[in-house]
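Worksheet: the structure to be examined is printed underneath.
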Amino acid sequence: MKIVSDLLITALYVVFVQNLVMCSGLGMSEAIRIASRPGTFIRFAAMISGFSVVTSVICSLLAIFVPSIESSAVKAMLYGGVLAAVYLISAVVVRIASGDKELLGNLGIAALNTLVFAVPYINNNASYTIWNSIGSGLGAGAAFVLAAALIGSGSRLLEKNKHIPPAFRGSPAMFLYVAMISLGFMGFTGTTLFT
C-alpha cells in the first residue's frame, strides 16, 4: 500500500505543485502546438508519460548500480543515451507493428521533448525511489495534459474575444495568457520570483 501511495502522491505533486510545463516552461512549445489539436493531446501526453516513466526507471536503476557518477556532463550523456535507446526501441516496435508515419513522427517529438529529458534529472536530484520515479513520469504526462487543456480552452476564448486590440491578437495574447497561468502555478511551488 505504501508503494501505491508513494506513486500517487508523487504524481499529484508533479501535476499540481511542480507542474514542469507551467512552472519551468519544459515542453511548453509542444503544449501550445498540441492544444490546437484537441484530439491528439491525450495520445501525445501518453507518449510523454511513457518515455518519462521508462527513462526515469532505467536512470534510477543506473544510479543504484553505478552510484559513482557525479559529473553533470556524464549524467547528461548517460540520460541522453538512455532516452535515445528507449526512443529507437519504441520506433522500431511502432514501425513493425503499425507503420503509421504520423504516430512515428509524434513519437520522435514526444521523446525529444525537454520535459522528458528533465524528469530523470529531477528524480535523481530528489533521490526518488523507483516508485516515486514512476509517479513522477506519470505526473509529467498528466501535467502536460493539464497545460494543453488550459492552453486550448484559453486559445478558444481569446479567439472569441473582440475586445483584444488587433496588435495583441494571436500569439501576443496567447503568450500573455500562458504567462498568467504560469504565474498562478508558480504560486503553488513556494518559490519567489524576486529575491
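The values are calculated or read from the model by the stated rules, or taken from the named source; none is laboratory data. Please read all numbers here as calculations on a predicted model, not as lab measurements. Reconstructed Cβ throughout: ideal geometry from the backbone, glycine too, with neighbour counts over all protein chains shown.
Descriptive notes on the structure:
- The criterion of at least 3 residues that are aliphatic (A, V, I, L, M) and more than 22 Å from ALA31 (Cβ to Cβ) is met, among helices (runs of 4 or more DSSP H) falling completely within the stretch 54-132, by 72-97.
- Pick from the stretch 40-61, criterion at pLDDT 85 or above and out of contact with any helix residue (DSSP H, G or I) (no Cβ under 6 Å at 6 or more places or on another chain), ranking: surrounded by the fewest Cβ atoms within 10 Å (Cβ to Cβ): LEU61
- Residue match in the stretch 146-160 (condition: of a type outside the set (A, V, I, L, M) and not in a helix (DSSP H, G or I)): no
- LEU104 being more than 18 Å from the chain's Cα centre (by Cα), modelled with pLDDT of 80 or more, over 18 Å from ALA142 (Cβ atoms) and among the hydrophobic types (A, V, I, L, M, F, W, C): yes
- Within the stretch 63-83, the set of residues being free of Cβ contacts under 8 Å to residues at least 40 places away in the same chain and crowded, with 18+ Cβ neighbours inside 10 Å comprises LEU78, VAL82, LEU83.
- In the set ALA91, ALA97, only one residue is exposed (fewer than 11 other Cβ atoms within 10 Å of the Cβ), at pLDDT 80 or above and not β-branched (Val, Ile, Thr); that residue is ALA97.
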